[in-house]
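K.L.:
The structure that follows is given in the form of structure tokens.
The values are calculated or read from the model by the stated rules, or taken from the named source; none is laboratory data. Bear in mind that the values here come from a model prediction, so they are computed numbers and not experimental data. As a convention, Cβ positions derive from the backbone with ideal geometry for all residues, glycine included, and neighbour counts pool all protein chains shown. Ligands, DNA and RNA are excluded from the accessible area calculation, which covers all protein heavy atoms including side chains. Shrake-Rupley method; radii C 1.70, N 1.55, O 1.52, S 1.80 Å.
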Amino acid sequence: MTMEIGYHASHEQFAPSRLLRLARQAEDAGFDAVLSSDHLFPWSERQGEAGFAWAWLGAAMATTTLPYGVVTAPGDRYHPATIAQSIATLLEMAPGRFIPALGSGQSLNEHVTGRRWPTKDVRNARLAECADVIRRLLAGETVDHDGLVRMRAARVYTLPPTPPPLFAAALSPETARAVAGWADGLITVNAPPQKLRAVIRAFRDAAGSTKPVHVQMHLSWAHSDDEVRAQALDQWRTNALPPSLNEELEVPAQFDAATAHVPAEALEDSIVMSSDPARHAEVLAEYAKLGVERVYLHQVGVDQEEFVDFFGADVLPELRSG
């Protein structure tokens, strides 16, 4: 199997210092890449972390040799010129080892600017504008722009040897189709096969079949199915919320209130929950058949160290030999 298997560094759940150790452990265990989240707030007060992703990425990329990715939202909390400069600096230090993915964001992280949270169609239009100006800045242009984002005489002086591909983040076929005009690749999340296939097909139908697709796979693994379900419910129950609500709530307490009575069964479509490593390997093999180039594994439970070592020793070699 040629599909790469990466590790997801969840800043909402773990302190940056621990995630640095986990990134090095993932490299030693045979993972192919690392994906970083980028949050100002955690999803839940039970998680209780939210380190600054861009500072962490610099440290992690300096202490490992793996390629990295991040899903970030330009246009509100981050001005696109700031994101362009951050991308350029990382790639100047580590050429070819970083793929940024741009998304329309969640109010959870963006409400702190005090601006009115835009509707989804406006966020998609703003995202396209941000992608365009970021691409131009990474090409060394001086950029003026007056639209849903504003920019005057912006320029990034320290540039990477080669501008990176700009991926787009999308959770629905509609958004995947909307971003296809500007994105060099797509990152999405695991979903029931029919839904995931529809998202990938929508992107490839509009963007062409040669652009890569990455998937973030939320999974829960432990030694018993009771533990599997308990940790998924404790740490990642917000996956039960529809995007229309997930993108609108502002603070962790609201997410906790909205999901207080969610049963574990409500997570079955969005988290691969099993104590059997063969089940996780089966899902990964299905993604490979869909032509996915890279999957990032997000173990939603708090015991990351055992997960990294176990999957590195027992799951990844089996997939690669199969």
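K.L.:
Only one of these is of a type outside the set (G, A, S) and touching a strand residue (DSSP E or B) at 6+ places or on another chain (Cβ under 6 Å): L35, L108, L20. Name it.
P.N.:
Result: L35 is the single residue among L35, L108, L20 that is of a type outside the set (G, A, S) and touching a strand residue (DSSP E or B) at 6+ places or on another chain (Cβ under 6 Å).
K.L.:
Okay, moving on. Can you find, within segment 83-121, the residue that is nearest to D184 (Cα to Cα) among those that are assigned to a helix (DSSP H, G or I) and of a type in the set (V, I, T)?
P.N.:
I87
K.L.:
Among the residues of segment 226-249, is there at least one that is without any contact (Cβ under 8 Å) to a residue 60 or more places away in the chain, touching a Gly at 6+ places or on another chain (Cβ under 7 Å) and over 20 Å from A281 (Cβ atoms)?
P.N.:
No; the residues of segment 226-249 include none that is without any contact (Cβ under 8 Å) to a residue 60 or more places away in the chain, touching a Gly at 6+ places or on another chain (Cβ under 7 Å) and over 20 Å from A281 (Cβ atoms).
K.L.:
Still on this structure, I have one more. Considering only segment 160-183, state which residues are open to solvent by less than 60 Å² (accessible area, probe 1.4 Å), of a type in the set (A, V, I, L, M) and part of a loop (DSSP other than H, G, I, E, B).
P.N.:
L166, A170, A180, A183
K.L.:
If you take the residues in segment 121-159 that are more than 13 Å from G75 (Cβ to Cβ) and free of Cβ contacts under 8 Å to residues at least 12 places away in the same chain, which one is most open to solvent (accessible area, probe 1.4 Å)?
P.N.:
Filtering segment 121-159 for residues that are more than 13 Å from G75 (Cβ to Cβ) and free of Cβ contacts under 8 Å to residues at least 12 places away in the same chain, the one most open to solvent (accessible area, probe 1.4 Å) comes out as R152.
K.L.:
I need every pair where a residue in segment 16-35 that is open to solvent by 40 Å² or more (accessible area, probe 1.4 Å) has its Cβ under 6 Å from the Cβ of a residue that is among the polar types (S, T, N, Q), sequence separation at least 6 or different chains.
P.N.:
From segment 16-35, the pairs are R24/T64; E27/T64.
K.L.:
Do we find a residue being closer than 20 Å to A168 by Cβ, modelled with pLDDT of 95 or more and not small (G, A, S) anywhere in segment 45-57?
P.N.:
yes
K.L.:
Now, a different point. For segment 98-120, enumerate the residues that are touching a helix residue (DSSP H, G or I) at 6+ places or on another chain (Cβ under 6 Å) and open to solvent by 10 Å² or more (accessible area, probe 1.4 Å).
P.N.:
Those that are touching a helix residue (DSSP H, G or I) at 6+ places or on another chain (Cβ under 6 Å) and open to solvent by 10 Å² or more (accessible area, probe 1.4 Å): S104, W117.
K.L.:
Return the residues of segment 264-322 that are open to solvent by 40 Å² or more (accessible area, probe 1.4 Å), assigned to a loop (DSSP other than H, G, I, E, B), out of contact with any Gly (no Cβ under 9 Å at 6 or more places or on another chain) and not aliphatic (A, V, I, L, M); say none if nothing qualifies.
P.N.:
Passing the criteria: E268, D269, D276, D303, G322.
K.L.:
Considering segment 220-253 alone, what residues qualify as being surrounded by 20 or more Cβ atoms within 10 Å (Cβ to Cβ), among the small types (G, A, S) and assigned to a loop (DSSP other than H, G, I, E, B)?
P.N.:
A222
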